[in-house]
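*Asks:* I have a structure I would like to understand better, so I am pasting it below and will then ask my questions one at a time.
The values are calculated or read from the model by the stated rules, or taken from the named source; none is laboratory data. Nothing here was measured: the structure is a model prediction, and the numbers come from that model. Positions of Cβ are generated from backbone atoms using ideal geometry, with glycine treated the same way; all protein chains shown enter the neighbour counts. Just the protein is used for accessible areas: all its heavy atoms, side chains included, with ligands, DNA and RNA removed. Shrake-Rupley method; radii C 1.70, N 1.55, O 1.52, S 1.80 Å.
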Amino acid sequence: RKEVEQDPGPFNVPEGATVAFNCTYSNSASQSFFWYRQDCRKEPKLLMSVYSSGNEDGRFTAQLNRASQYISLLIRDSKLSDSATYLCVVKNNAGNMLTFGGGTRLMVKP
Amino acid sequence: DAGITQSPRYKITETGRQVTLMCHQTWSHSYMFWYRQDLGHGLRLIYYSAAADITDKGEVPDGYVVSRSKTENFPLTLESATRSQTSVYFCASRTGTANTEAFFGQGTRLTVV
């Protein structure tokens, strides 16, 4: 079983739609969680950190469920520019390493 | 320029040759990482370094060598390139503080023929 798992998609949604991605992690000792965004043939970039209480940044909301060991990302009012691959990332304090999920591809259509 | 840079951006090499991918960061971040990204596998950690002269293996270290004689540089060497090492390689850096962002270089697209 992979340490961080995501549905690879693609998720095809119309502009203005709300879309949600989930990610599960296997290591209960994981301490920090992030969502990264990766555009085609580019490097990953931080979208947002995920805090225990949940957090929101504009149209993006991230939530963490430690009991069930999953992280979610909600995108409201999807834009064409949201089309990308979204990477779930988990950090274990023991090694300060980031472990990446395989990514979920989002395609927003006009 | 400030940031994290990788070179070369593209490289084609032959099986059996040694090739070195360079990574340079200007922030004095303590941690540096090398990942490879392949279709169906996502980003996998090859090696990482917590500080100068401290390196450790990641998930897929076989066939790779790293060094970190200076904080700002973290070269990755393929000792004898194989076709299975055809991939996109990303270098990243971050501070040692929890919950801080990792910054990635633009990647090196390596093809082994």
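*Asks:* So, taking all protein chains as they sit and a 1.4 Å probe, how much accessible area belongs to A:Cys40, in Å² rounded to tens?
*Replies:* My reading of the accessible area for A:Cys40 is about 110 Å².
*Asks:* Of the candidates B:Gly16, B:Gly40, B:Gly96, which one comes out as most mobile in a Gaussian network treatment of chain B with C-alpha springs shorter than 10 Å?
*Replies:* With Cα springs under 10 Å in chain B, the top fluctuation among B:Gly16, B:Gly40, B:Gly96 is at B:Gly40.
*Asks:* Determine the gain in length on full extension of the stretch B:Thr82-B:Met22; use 0.36 nm per residue of separation and subtract their C-alpha separation, reporting nm with one decimal.
*Replies:* Full extension from B:Thr82 to B:Met22 adds 19.7 nm.
*Asks:* Using a probe radius of 1.4 Å on heavy atoms only, what accessible surface per residue do you get for segment B:1-58? Whole Å² is fine.
*Replies:* 55 Å²
*Asks:* Between A:Glu15 and A:Leu74, what is the label-to-label distance in nm when each label sits 7 Å out along the Cα-to-Cβ direction?
*Replies:* The modelled label-to-label distance comes out at 2.4 nm.
*Asks:* Can you work out ³J(HN,Hα) from phi for every residue in segment B:16-31, in order, using Karplus 6.51 cos²θ - 1.76 cosθ + 1.60 and θ = phi - 60°, giving whole Hz and x for Gly and Pro?
*Replies:* x, 7, 8, 9, 10, 9, 9, 9, 9, 10, 9, 8, 6, 4, 6, 9
*Asks:* Going by a 1.4 Å probe on protein heavy atoms, which residues of segment A:33-66 end up with at least 20 Å² less accessible surface in the whole assembly than in their chain alone?
*Replies:* Correct list: A:Phe34, A:Tyr36, A:Gln38, A:Arg41, A:Glu43, A:Pro44, A:Leu46, A:Tyr51.
*Asks:* In nm, to one decimal, how far is the A:Asp57 label point from the A:Cys40 one, both placed 7 Å along Cα→Cβ?
*Replies:* 2.4 nm
*Asks:* Can I ask one more? For the pairing of chain A with chain B, what total accessible surface becomes buried, with a 1.4 angstrom probe, in square angstrom to the nearest 100?
*Replies:* The A and B chains share an interface burying roughly 1700 Å².
*Asks:* Provide, for q = 0.10, 0.11, 0.18 Å⁻¹, the log10 of I(q)/I(0) from a solvent-free Debye sum over equal Cα point scatterers in chain B.
*Replies:* Evaluating at q = 0.10, 0.11, 0.18 Å⁻¹ gives log10 I(q)/I(0) of -0.26, -0.31, -0.84.
*Asks:* Give the cross-link partners of B:Lys11 among the lysines, using a straight C-alpha distance below 27 Å as the criterion and excluding same-chain residues fewer than 8 apart.
*Replies:* Leaving aside lysines fewer than 8 places away in the same chain, those within reach of B:Lys11 are A:Lys42, A:Lys45, B:Lys57, B:Lys70.
*Asks:* Additional query: Tell me, what is the FRET efficiency for B:Thr13 and B:Ser69 to the nearest 0.05, using R0 = 22 angstrom and their Cβ-Cβ distance as r?
*Replies:* The calculated FRET efficiency here is 0.40.
*Asks:* Determine the share of chain A's accessible area contributed by carbon and sulfur atoms, expressed in whole percent, with a 1.4 angstrom probe.
*Replies:* 47 percent
*Asks:* Among the trypsin sites (Lys or Arg not before Pro) in segment A:19-78, which ones are in a DSSP loop with at most 11 other Cβ atoms within 10 Å of the Cβ? Mind listing them?
*Replies:* A:Arg41
*Asks:* Then there is this: Quick check for you: with a 1.4 Å probe and neighbouring chains kept, what is the accessible area per residue of segment A:9-61, in Å²?
*Replies:* Per residue, segment A:9-61 has an accessible area of 51 Å².
*Asks:* May I ask you to find the residues of segment B:23-50 that are shielded by at least 20 Å² of accessible area once the whole protein assembly is considered instead of their isolated chain (probe 1.4 Å)?
*Replies:* Buried-area filter returns B:Tyr31, B:Phe33, B:Tyr35, B:Gln37, B:Gly42, B:Leu43, B:Leu45, B:Tyr48.
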